[in-house]
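Read-outs throughout are calculated quantities, based only on the coordinates presented, and are distinct from any laboratory measurement. From a predicted model like this one, the values you see are computed outputs, not experimental measurements. Cβ atoms come from the backbone with ideal geometry, glycine included; neighbour counts cover every protein chain shown.
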Amino acid sequence: MATCIHTVEELRNLIKPLKAQGKTVGLVPTMGALHAGHASLIEASAKENDITVVSVFVNPTQFGPNEDFEAYPRTLESDLKVVENAGGTYVFAPSAKEMYPSEDMTWVEVTGDITKVLCGRTRPIHFRGVTTVVTKLFNIVAPTRAYFGQKDAQQVEVLKRMVKDMFIDIQMRIMPINREESGLARSSRNTYLSESEKAAATVLSASLKDALEAFKKGEHSLKAISEMVKEKISKEPLSNIEYVECYGLPGLYPLENEIKAPSLLALAVRFGNTRLIDNIILE
Ligand code: PAF
C-alpha cells in the first residue's frame, strides 16, 4: 500500500533527502474519491518521475456556503489502493487544521475575467480557494511536475496563469479528460447521480462531440455552436443548463462572433441536485 502521511513536516522530511539525491517528484493534487481519471494522472506521473505524491484533501476554502463540502465523498481507504495500483509513492492526507492552522490567513488569488466567467459566475470564491491550496501544496512538496485533468479546464487555465505570474518553477502537465464508455466524463460527483440521471448525462459529451464535428466542417459562428449544444441538451428532460459558453485559448479570452482555434467550449449542467461540468477544445 502507498505510504499515507498526514503532516507537512513528515512529508518534507521524506521528500527533502530524495530531492537532494536528484530524484524527480510528481505531484497529483486531488480531493480524493479517486477514480480511473485520477489513476491516469498518477500513472502519468509515475512514468515521468521517480516519486509520485498524491494529495487527498477536501479543501474547504473552494466550496461556497451552499455547496457540497459536507457531502463530498471521503474514501481514503480505497484511495490508497488506487494510488498503489497506479504506481504512486506517497499519499498526503492532511487535516484542515494542518493546511489552515489559523483563521487569519494568506490568500492566493488570480483576478480578472479568467476567474469570473464560466464557473466563476456561480462559484465566486471557488478559484481563490483552489489557487490558495495548490500554492500550499506546491510549497510543501516542491514537485518537479504537477498533474491536473483537462476536465477542470477553467481550473487549468487559472493555475497556469498563477504559475506564470508567480514565476513558479514547476512543469504543469495537463492530462486529457478520462471518459466512461458512455462518454460521460469521470468525476467524483458522478456518484451522486441516479441511474436515470447518469444515462441522461451522456448528452453532455455527445453534444460537445457534435459541436467539434460542426466546427471542423466549417461552422465557426459562436452563436450557432452554442445554440446547437444548448438545443441538444435541453431535449433531455432531466437536464438543467447553467451555462454553455466558448472562450479563446490560452487564457479564456472573450470571443466576438467567430470561434477561433483553439477555443474552449465548456458547459455546466445540473441533473437533479448534481452539477456536472464538461468541455472540449475546438481546434
Ligand atoms: O481538482 C481538484 O480536485 C481540486 O480543485 C484541487 C486541484 C485538488 C484543489 O483542491
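Which GluC sites (Glu not before Pro) in segment 71-134 sit in a loop by DSSP (not H, G, I, E or B) and have at most 11 other Cβ atoms within 10 Å of their own Cβ?
Working: sites: 77, 84, 98, 103, 109; in loops: 103, 109.
The qualifying sites are 103.
Mind listing the long-range amide H neighbours of residue 33? Cut-off is under 5 Å, sequence gap 5 or more, other chains count too, H placed in the peptide plane at 1.01 Å from N.
Here 75 satisfy the definition.
Taking 24 Å as the cut-off for C-alpha to C-alpha distance, list the pairs among 198/230; 198/260; 160/260 that go past it. Before the final figure, lay out the partial values.
Details: 198/230 18 Å; 198/260 32 Å; 160/260 21 Å.
Listed pairs above 24 Å: 198/260.
Per-residue ellipticity at 222 nm for the chain, helices alone: DSSP H runs ≥ 4 residues times -39500 (n - 2.57), over residue total, nearest 500 deg cm²/dmol?
On the way: 10 runs with 108 residues, N = 283.
That calculation yields -11500 deg cm²/dmol at 222 nm.
I need the shape label for segment 96-168. Rule: rounded when a/c is under 1.5, else prolate if a/b > b/c, else oblate, with a, b, c from the alpha carbon gyration tensor. Don't skip to the answer; put the middle values down first.
Values: a/c = 1.76, a/b = 1.19, b/c = 1.48.
Judged from the Cα gyration tensor, segment 96-168 comes out oblate (a/c at least 1.5, b/c at or above a/b).
Only bridges whose two residues both fall in the chain count here: according to DSSP, what percent of them are antiparallel, nearest 5?
On the way: 21 of 40 bridges.
Roughly 50 percent of the beta bridges in the chain run antiparallel, per DSSP.
Using each residue's phi in segment 266-283, evaluate 6.51 cos²θ - 1.76 cosθ + 1.60 at θ = phi - 60° and report the 3J(HN,Hα) Karplus result to the nearest Hz, with x for Gly and Pro.
Calculated HN-Hα couplings, in order: 10, 9, 10, 9, 9, 10, x, 8, 9, 9, 10, 10, 7, 6, 8, 9, 8, 8 Hz.
Using all alpha carbons of the chain, what is the percent of pairwise distances in each 5 Å bin, ordered from the shortest bin to the longest?
Here the calculated profile for the chain is 1, 5, 12, 16, 18, 17, 13, 9, 5, 2, 1, 0.
Out of residues 5 or more away from residue 54 or on other chains, whose amide H comes under 5 Å of its own, with H placed 1.01 Å from N in the peptide plane?
28, 89, 90, 91, 92
From the Cα gyration tensor of segment 136-283, with a ≥ b ≥ c the square roots of its eigenvalues, which class applies: rounded if a/c is under 1.5, or else prolate if a/b is larger than b/c, or else oblate?
Working: a/c = 2.34, a/b = 1.31, b/c = 1.78.
Cα axes put segment 136-283 in the oblate bin.
Give the shape of segment 151-220 as rounded, prolate or oblate, defined through the alpha-carbon gyration tensor: a ≥ b ≥ c are the square roots of its eigenvalues, a/c under 1.5 means rounded, and otherwise the shape is prolate if a/b is larger than b/c and oblate if not.
Details: a/c = 3.14, a/b = 1.46, b/c = 2.16.
Oblate shape, in that a/c is at least 1.5 and b/c is the bigger or equal ratio.
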